[in-house]
Amino acid sequence: MPSVVDICNKALDKLGQSPIASLDDNNKAANLCSRNWSMVRDEVLRDHPWNFAVRRTTLAADTATPDWGFSASFPFPDDCLRILEVRDMSTDEYQIEGRAILANATVLYVRYTRRITDPNVYDSQFVDTVSTRLAVEVCEALTQNNTKQDMLYQKYKESLLSAARSDGQENPPRQFEEDEWIAVRY
């Protein structure tokens, strides 16, 4: 499995730059990779519901309650980057404010994208996608080439589409409940 340095070197390869041995190397490329890695990783994790990064959990209400509108506040899990689905089994009405979900419930069931810092967990498409996104981020500082940066950003968007197809094929098709809006047509 690749290390963070391997992923950074893949980004530098895309820019035609020399590889680094460590994020602590005393050169511009290592400094840029070190400074941008964690933010870029989290952005790419948020940009797509990667199957390897999705988790389900049950949230209990916080002791602090909202001043109005909802009866309970549910703090995000510490490793949560993006809420994907919220259920309380009685209503789907909720509101995300700050790092909490407001709802009229006593417990919530959520699916979310979690922050994963261990590169051994990353799948190969994520590695390619995050290295491309990192290359976009450091391109201007290392190459002063906006055309290359634009081309890499396009490749990044294509990588996300490819990941969506692959992740979608790994899961069975979802069956949606027929509600009155659909039933009235028949």
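The values are calculated or read from the model by the stated rules, or taken from the named source; none is laboratory data. Everything numeric here is computed off the predicted structure, so don't read it as measured data. A quick note on method: Cβ atoms are made from the backbone with ideal geometry, for glycine too, and the neighbour counts reach across all protein chains shown.
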Does Q95 satisfy being under 14 Å from the mean Cα position of the chain (by Cα) and either within 30 Å of M1 (Cβ to Cβ) or not assigned by TED's automatic domain parsing to the domain that holds N36 (or both)? no
Are any of the residues in the stretch 124-138 more than 19 Å from the chain's Cα centre (by Cα) and in the same structural domain as N36 (by TED's automatic domain parsing)? yes
Can you tell me which of (1) under 19 Å from S124 (Cα atoms); (2) part of a loop (DSSP other than H, G, I, E, B); (3) among the aromatic types (F, W, Y) is the one W68 doesn't meet? (1)
Within the stretch 54-103, how many residues turn out to be closer than 23 Å to T117 by Cα and aromatic (F, W, Y)? 1
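To keep it simple, each residue is scored yes or no on (1) surrounded by fewer than 18 Cβ atoms within 10 Å (Cβ to Cβ); (2) outside the structural domain of G98 (by TED's automatic domain parsing); (3) in contact (Cβ under 8 Å) with a residue 60 or more places away in the chain.
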{"residue": "K14", "(1), (2), (3)": "no, yes, yes"}
{"residue": "Q17", "(1), (2), (3)": "no, yes, yes"}
{"residue": "N26", "(1), (2), (3)": "yes, yes, no"}
{"residue": "S34", "(1), (2), (3)": "yes, yes, no"}
{"residue": "W37", "(1), (2), (3)": "no, yes, yes"}
{"residue": "D67", "(1), (2), (3)": "yes, no, no"}
Against the conditions (1) in contact with a helix residue (DSSP H, G or I) (Cβ under 6 Å, 6 or more places away or on another chain); (2) under 30 Å from T143 (Cα atoms), where does D6 fall short? Just the number, please. (1)
If A60 satisfies all but one of (1) more than 18 Å from the chain's Cα centre (by Cα); (2) closer than 25 Å to E140 by Cα, what's the number of the condition it fails? (2)
Given (1) part of a loop (DSSP other than H, G, I, E, B); (2) within 23 Å of the chain's Cα centre (by Cα), identify the lone condition not met by S90. (2)
Just one listed residue, out of T132, T113, is modelled with pLDDT of 95 or more, in contact with a helix residue (DSSP H, G or I) (Cβ under 6 Å, 6 or more places away or on another chain), closer than 16 Å to A53 by Cα and surrounded by 15 or more Cβ atoms within 10 Å (Cβ to Cβ), and it is T113
Taking the stretch 77-99 and keeping only residues that are more than 15 Å from A61 (Cα to Cα) and in contact (Cβ under 8 Å) with a residue 24 or more places away in the chain, one is left with D79, C80, L81, R82, I83, L84, E85
Taking the stretch 69-107 as the region of interest, how many residues are exposed (fewer than 14 other Cβ atoms within 10 Å of the Cβ) and among the basic types (K, R)? 1
Using the structure shown, decide if D62 is at pLDDT below 95, surrounded by fewer than 18 Cβ atoms within 10 Å (Cβ to Cβ) and among the acidic types (D, E). yes
Is it true that some residue in the stretch 36-43 is more than 18 Å from R114 (Cβ to Cβ) and either among the β-branched types (V, I, T) or modelled with pLDDT of 95 or more (or both)? yes
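In the stretch 27-61, which residues are of a type in the set (D, E, K, R) and under 28 Å from R111 (Cβ atoms)?
R41, D42, E43, R46, D47, R55, R56
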Scanning the stretch 1-44 for residues that are among the aliphatic types (A, V, I, L, M) and outside any helix (DSSP H, G or I), which turns out farthest from L160 (Cα to Cα)? A21
